[in-house]
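To start, the structure itself, in structure tokens.
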Amino acid sequence: MPLASKDDMNEKFGKSVVKYEVSKCANYSEGMKTVAKFADILGISLEKYNKVSETGVGYNAANEFVKYLKSSNDYSTSVLQDKLDTLCSQKLIPSDSGKGSSSSSSSSKGGAGTTAPSVPVINDEVFEFTDLDGADWAKTYIYKLLEKGVISKSADKKFNPNTNITRAEFAKMASVLFNCEEYGGTAKFSDVSENDWYFKYVMALYKSGAVNGVSETEFAPNDYITRQDMCVILAKLANLDTSTAAADFADSTDIAPYALGAVAAAKNSGIINGYSDNTFKPSAFATRAECAKMLCSTK
């Protein structure tokens, strides 16, 4: 029996390393990032996957492909390419969720026609929130945050998309999404104690320079966060150019001076679009659905 060539050995070794790296991934999102990183070693093209990656088809394709890579011993390029392309071409079985009417008036909605996966798969488990009817425009963003571990599955399967979000809740979501480094010091704000569940998230944002509090001594964790304050924090986390202070909304004069540049940067970056009447409503409290869209559009 002839010995394998050096090239064959290198290819097999490379693919075994990729399989090992994929096996360590906690979910299919991490798995597909690993696949993308080592696509050249696997010898596959992600062209078809990239076209559907932000859809339900893409979510399910990634989930099934990563499961295949973890369990299969056949890593031949032709098999892998055919497997991935076939998964990316499959139709989803529609679910019963999302039958309510969609809305497209909010600045955080990103336009009508945005849909979520019909059958969301989170960490190899089908899971759907049951209260997203009427918030169809936000489904993709909500499930994307769930898949990334920014939000968690709830026992009652409720997300409460139209509920206002507190500053502490937003601090948790933003710091987790941006992988903010933990703060190792003592309490900075008088209303944020080391015993509070949100301490590490608020202080991680503080360490990153994204928040300074509502005053030198207070963060107001239980207050609802305003739309303009959300823009300020996200602009800092995403290192957006805030030098342009022209937000070009009908109510731009209502935007606080400290937030003008951040709101303009958020609009220029597509994080916000404005309401149908071209207002932004800077002092209005952000809903959980709006927060999901803005976070996903930032990162």
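The values are calculated or read from the model by the stated rules, or taken from the named source; none is laboratory data. Owing to the predicted nature of the structure, the values given are computational and were not obtained by experimental measurement. Neighbour counts are summed over all protein chains in view; Cβ atoms, including those assigned to glycine, are modelled from backbone coordinates with ideal geometry. To get the accessible areas, we keep the full protein, side chains included, count just its heavy atoms, and leave off ligands, DNA and RNA. Shrake-Rupley method; radii C 1.70, N 1.55, O 1.52, S 1.80 Å.
If the condition is being open to solvent by less than 30 Å² (accessible area, probe 1.4 Å) and in a helix (DSSP H, G or I), then region 147-180 contributes Glu147, Arg167, Ala168, Phe170, Ala171, Met173, Ala174, Ser175, Leu177. In the set Thr242, Thr253, only one residue is out of contact with any Pro (no Cβ under 7 Å at 6 or more places or on another chain) and not in a helix (DSSP H, G or I); that residue is Thr242. State whether one or more residues within region 181-198 are acidic (Asp, Glu), open to solvent by 90 Å² or more (accessible area, probe 1.4 Å), closer than 23 Å to Lys299 by Cα and in contact with a Ser or Thr (Cβ under 8 Å, 6 or more places away or on another chain). Yes, the conditions are met somewhere in region 181-198.
Being within 20 Å of Ile142 (Cα to Cα), open to solvent by 40 Å² or more (accessible area, probe 1.4 Å) and either of a type outside the set (A, V, I, L, M) or out of contact with any strand residue (DSSP E or B) (no Cβ under 8 Å at 6 or more places or on another chain) (or both) is true of Tyr224. Of all residues in region 27-40, those that are among the aliphatic types (A, V, I, L, M) have Cβ atoms under 6 Å from Cβ atoms of residues that are open to solvent by less than 20 Å² (accessible area, probe 1.4 Å), 6 or more apart or on another chain, in Met32/Ala62.
Of (1) part of a loop (DSSP other than H, G, I, E, B); (2) open to solvent by less than 60 Å² (accessible area, probe 1.4 Å), Asp133 satisfies all except one. Which? Condition not satisfied by Asp133: (2). Of the residues making up region 195-217, those that are assigned to a loop (DSSP other than H, G, I, E, B) and either of a type in the set (Phe, Trp, Tyr) or out of contact with any Cys (no Cβ under 9 Å at 6 or more places or on another chain) (or both) are Asn195, Asp196, Trp197, Tyr198, Gly209, Val211, Asn212, Gly213, Val214, Ser215, Glu216, Thr217.
Residues in region 64-75 include at least one that is in contact with a Cys (Cβ under 8 Å, 6 or more places away or on another chain) and either of a type in the set (Phe, Trp, Tyr) or assigned to a helix (DSSP H, G or I) (or both).
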